[in-house]
Amino acid sequence: MAEASDALAPHAPVVVTTVAELRREIESATARVGRAGGDAAGDRSGVALVPTMGALHAGHLALVERAAELAEVVVVSIFVNPLQFTDPADLERYPRDLDADVRILTGRGADIVFAPEVGELYPHGDIATRITAGRVGGMFEGRSRPGHFDGVLTVVAKLLNAVGPQVVLFGEKDAQQVFLVTRMVAELNMPVRVEVVETVRDSDELALSSRNRFLDARERRAAVTLPHVLEAAESAADRGIDAVLAAAQSAAMGEQLVDLDYLAVVHPDTFLPVDDDYRGRARVVIAAKVGDTRLIDTTAIYLG
């Protein structure tokens, strides 16, 4: 009976904490897939990486499940990267519960969890060699969090080097991060494809985020202002940029707990604000503090 129960138990990922262990486990997992034959993998091939900072929720699981559709071996990294935090207090309070994260991942398609200590990725403390995010990296999120995207790109590059995946997956909500990582991959000729997964939302349309847990009941109700702003912008898209911004700003007004940081319409190919007479594909990006919690959101629109 025990053997039958074990056979039916959900597949738990292997947890490793060093780059050396990670590479050995990827090699072993890839070999097992090869021995199982091509039919077992179907159309899947290679290794997929889902970079996270833990505190996993359904949005992360959507990335993992998509990764399992694309690749034979799925690696989920869980690492709270100090390089991308400008506020030490924010870094300190970021939620960490590896055991809970592994339980959430069990049976969802993850094969390996890479959960290094800070000293494993940054053995000499502060790292001298960094990737810079350029002009776009200093705008929007980068303006409010100087150096944030340099830290993001540096750790993503280290993870890509450690894992060697064929595909890496990110959520649409982190639109500026997606743009900068995609540009880094292209400009540095990294042999990996960036796959973007649609934002997962709660029943009231608030985008799922690890930071939502910091909202109290009143702040949680106020936070839906962000998706309401995006809906207003989308509804006005056929009337041009001025109408979009006016509708969005109107939707943002009136909620005292929401302190708007930025609201912009950017070109998807450059992430720079579009001109007043622009027509075509665009993306609305928004960030706001709700109480003490900073949230972001985004949606694609077509300016008519």
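Only Cα sites of the range 33-146 enter the Debye sum here, all with the same form factor; the resulting log10 I(q)/I(0) across q = 0.12, 0.15 1/Å is -0.57, -0.83, listed in q order. In a shell of Cβ-Cβ distance under 11 Å around residue 14, excluding residue 14 itself, what net charge do Lys and Arg (+1) and Asp and Glu (-1) give? Summing Lys/Arg as +1 and Asp/Glu as -1 gives -2. Summarising the label geometry, the points placed 7 Å from Cα in the beta-carbon direction at residue 27 and residue 213 lie 3.6 nm from one another. The length gained on full extension between residue 12 and residue 96, counted as 0.36 nm times the residue separation minus their Cα-Cα distance, comes to 28.3 nm. The residue 89 and residue 205 beta-carbon pair, evaluated with R₀ = 22 Å, returns a calculated FRET efficiency of approximately 0.15. Its residue count N sets the reference 2.2 N^0.38 Å, and the alpha-carbon radius of gyration of the chain equals 1.06 times that reference. Suppose only helical runs count, i.e. DSSP H with n ≥ 4. What mean residue ellipticity at 222 nm does that imply for the chain under -39500 (n - 2.57) per run, divided by all residues and rounded to the nearest 500 deg cm²/dmol? The helix contribution divided over the chain gives -12000 deg cm²/dmol. Share of pairwise Cα-Cα distances greater than 28 Å in the range 129-277 is 28 percent (whole percent).
Using the 1.4 Å probe convention, the accessible area of the range 9-119 works out to 47 Å² per residue with neighbouring protein chains retained.
Based on the reciprocal of the average 1/r between different C-alpha atoms, the Kirkwood radius for the range 194-265 equals 13.4 Å. Each semi-axis of the equivalent ellipsoid for the range 84-183 is √(5λ) with λ an eigenvalue of the Cα gyration tensor; in descending order they amount to 24, 17, 16 Å. Considering only beta bridges that DSSP places wholly inside the chain, some 50 percent are antiparallel.
The value obtained for the range 81-122, namely the Cα convex hull volume divided by the number of residues, is 91 Å³ per residue. Sparsely packed loop sites in the range 188-245 (the GluC sites (Glu not before Pro) outside DSSP H, G, I, E and B with at most 13 other Cβ atoms within 10 Å) comprise 198. Think of each Lys and Arg Cβ as +1 and each Asp and Glu Cβ as -1; about the Cα centre, that makes the dipole of the chain roughly 340 debye.
When peptides 52-63, 269-280, 140-151 are sorted by average Cβ neighbour count within 10 Å, with the highest value leading, the order is 52-63, 140-151, 269-280. Rolling a 1.4 angstrom probe over the protein heavy atoms with all chains in place gives the range 149-206 an accessible area of 40 Å² per residue. Using a basic spin-label model with each label point 7 Å from the Cα along Cα→Cβ, how many nm lie between residue 126 and residue 188? The answer from the label model is 2.1 nm.
The values are calculated or read from the model by the stated rules, or taken from the named source; none is laboratory data. It should be emphasised that the depicted structure is a prediction, and the values quoted were computed from it without experimental measurement. No Cβ is skipped: glycine too gets one built from the backbone with ideal geometry, and neighbour counts run over all protein chains shown. Accessible surface is based on the protein model in full, side chains and every heavy atom, while ligands, DNA and RNA are left aside. Shrake-Rupley method; radii C 1.70, N 1.55, O 1.52, S 1.80 Å.
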